[in-house]
Structures are given as structure tokens and as C-alpha cells.
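Chemist: The structure is given below, and queries will be raised subsequently.
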Amino acid sequence: MTESERGNQTPFQAALTDARVSALQKYQDIVVGERGLGALLRYEFFTCGLAGVPGALGLWLRGRLYRYLLGHVGRNVVIGKNVTIRNPRRISIGDSVMIDDGCVLDAKGRDGSGITLRANVVIGRNTVLSCKGGSIDIGDNTNISVNCTVISESSVRIGANVLFAAYCYVIAGGNHGTDRTDVAVIQQDSFSKGGVVIEDNVWLGASVNVLDGVRIEHDAIAGAGSVVIRDVPAFTVVAGIPAKIIKSRSQSATEFHSHDNGRV
């Protein structure tokens, strides 16, 4: 493939299709996160030997032994069956974190801090946390439900006590220029609008989409199916496509607490 052809691809595509790099080296760079026989053997032992072990034995083995694979693993960690882990040294897991079966923790990239799950975080089944050179930081006691996706090409910061219902989608970066019509969008420059910040105590209903450049301030709520394209003030409820403010929680805190404990 010529330099011109590589210029027509995303950086990840170019890395995957670069004929100058062997298949094994691509695997080590993209999946293992580092080259060298020792790193490769360690990764293969943990992911092939332990990732699929079922039942209580598998939970015990991964909770005890994944500290030797990941960048950091705290106490009382539960890691379910068939969790996909890429670039393990860039993943940090705090105390009492629970990661359900079938999740993906992909921390690939050389810049940023990778994936950080702080104390008491719960990640629901089949949820994907994926870095593409960016970082994902999830605060204490946050609960992310099943089949959610968080992708970071720059920075995603999620605060403490945040609730994601099922099928939420958060993207930081992934924007492409569209001004030129003589070339495909994929060939135009990609950029980030500054990442995503979701502050403490936020609740995202089912299938909420949060786009790059958005800050959702503390104690806000996004209704199910909302597409959040602009900042959300604290203590407000937004809904719709695009999401708009429909209520202020601060005007009716007593009424809110009498109807809902804030649980998804």
C-alpha cells in the first residue's frame, strides 16, 4: 500500500493494513499493548487460560490473578466470564469493582491514561469501554448498565454516583471534516471538540446518546432516547432529539424525591 493510500484511511485502519508491520507485531501493538515475548506470553496465559473459566472458580481466579495482567487491580474485584481486555497495562481497577460477562475494556493508544474504574463501579453485561488514543475515567459508585458503549478518542470523564440505563452511547472525538466534496469524509481530518464530561449524580435513561464536546452538570437527568448535543445545566431534566430542558429539578426537589430514588 502506498503512502497516498494510507492517507485515505483512519489511523486505526492504516495500522491494521500496514504491510511493513508483521501480523504478530500488529497484534502486540493493538491488543497486547507492548512488544516482547514476555508480555505476549503473559497476555495469552491470562486471556486464553482464565477469561473463559466459568462459575465461582473463574470469578475467584480472575479476581486474584488479573492483578498480574492489568495496570492496577484493587481488592474484592469481580470480573465476569469472557471479558475482552486490550492494552491491559493501561487499565486501572479500584476496590470492589464488578465487571459482568462479555464486556470489552479496550485501552489501546499511547497517549492519555487509558481506562480507570474507581471504587465500587459496576459495568453491566456486554458493555464496551474503548479508547482510541484517549482516556476514560469513571468515578466512585457509578453504575453502567448492560449494552452501553463509551468511546474516547480524547477524554471521557464520568463522575461519582452516575447511573447509565441500558444501551447508552457516549463518544468523545470521532468527528470528521465535511467541507470538501472532492474526497470522501473518511479522508478528511478527524478532530475532537474537547471530549465529554458527565458530572456527579447524573442519570442517563435508556438509549441516551451523548456526543463529543458536551458537559452534563451534576444532578441532571437525560430522558430515555435523548440525543445530547449541548451542555446540560445542573439539576435539570432534558429529553428529545436534540435534547432540550423540560424541567428544573431544583424547583421541585421534594416532589422528585417522593417519586424516585434515582435508580435505573
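The values are calculated or read from the model by the stated rules, or taken from the named source; none is laboratory data. Being a predicted model, the structure only gives us computed values, none of them experimental. Every residue, glycine as well, gets a Cβ built from its backbone with ideal geometry; the counts of neighbours run over all protein chains shown.
Chemist: Condition check: surrounded by fewer than 20 Cβ atoms within 10 Å (Cβ to Cβ) and either out of contact with any Phe, Trp or Tyr (no Cβ under 7 Å at 6 or more places or on another chain) or among the acidic types (Asp, Glu) (or both). Does THR142 satisfy that?
Modeler: Answer is no for this residue.
Chemist: Okay, next question. Among the residues of segment 70-116, which ones are closer than 26 Å to GLN28 by Cβ, surrounded by fewer than 19 Cβ atoms within 10 Å (Cβ to Cβ) and among the aliphatic types (A, V, I, L, M)?
Modeler: Answer for segment 70-116, where residues must be closer than 26 Å to GLN28 by Cβ, surrounded by fewer than 19 Cβ atoms within 10 Å (Cβ to Cβ) and among the aliphatic types (A, V, I, L, M): just VAL104.
Chemist: Of everything in segment 115-134, what is modelled with pLDDT of 95 or more and not β-branched (Val, Ile, Thr)? Give them in sequence order.
Modeler: LEU117, ARG118, ALA119, ASN120, GLY124, ARG125, ASN126, LEU129, SER130
Chemist: In addition: Could you tell me whether segment 34-53 includes any residue that is of a type outside the set (Ser, Thr, Tyr) and on the phi > 0 side of the Ramachandran plot?
Modeler: Within segment 34-53, one or more residues are of a type outside the set (Ser, Thr, Tyr) and on the phi > 0 side of the Ramachandran plot.
Chemist: So, one more: Among the residues of segment 184-225, which ones are closer than 27 Å to GLY133 by Cα and without any contact (Cβ under 8 Å) to a residue 24 or more places away in the chain?
Modeler: Selection gives VAL185, GLN188, ASP189, PHE191, LYS193, GLY213, VAL214, ARG215, ILE216, GLU217.
Chemist: Output the residues belonging to segment 113-126 that are of a type outside the set (D, E, K, R) and within 19 Å of VAL73 (Cα to Cα).
Modeler: SER113, GLY114, ILE115, THR116, LEU117, ALA119, ASN120, VAL121, VAL122, ILE123, GLY124
Chemist: Considering segment 124-168 alone, what residues qualify as being part of a strand (DSSP E or B) and in contact (Cβ under 8 Å) with a residue 60 or more places away in the chain?
Modeler: Matches in segment 124-168: ASN143, LEU163, PHE164.
Chemist: Over 29 Å from GLY94 (Cβ atoms), in a loop (DSSP other than H, G, I, E, B) and not β-branched (Val, Ile, Thr) - does that describe any residue in segment 201-220?
Modeler: No, because not a single residue in segment 201-220 is over 29 Å from GLY94 (Cβ atoms), in a loop (DSSP other than H, G, I, E, B) and not β-branched (Val, Ile, Thr).
Chemist: So which residues in segment 97-123 are in contact (Cβ under 8 Å) with a residue 60 or more places away in the chain and within 20 Å of TRP60 (Cβ to Cβ), if there are any at all?
Modeler: none
Chemist: Taking segment 84-120 only, how many residues are farther than 22 Å from ARG157 by Cβ and touching a Lys or Arg at 6+ places or on another chain (Cβ under 8 Å)?
Modeler: Residues that pass the stated criteria total 3.
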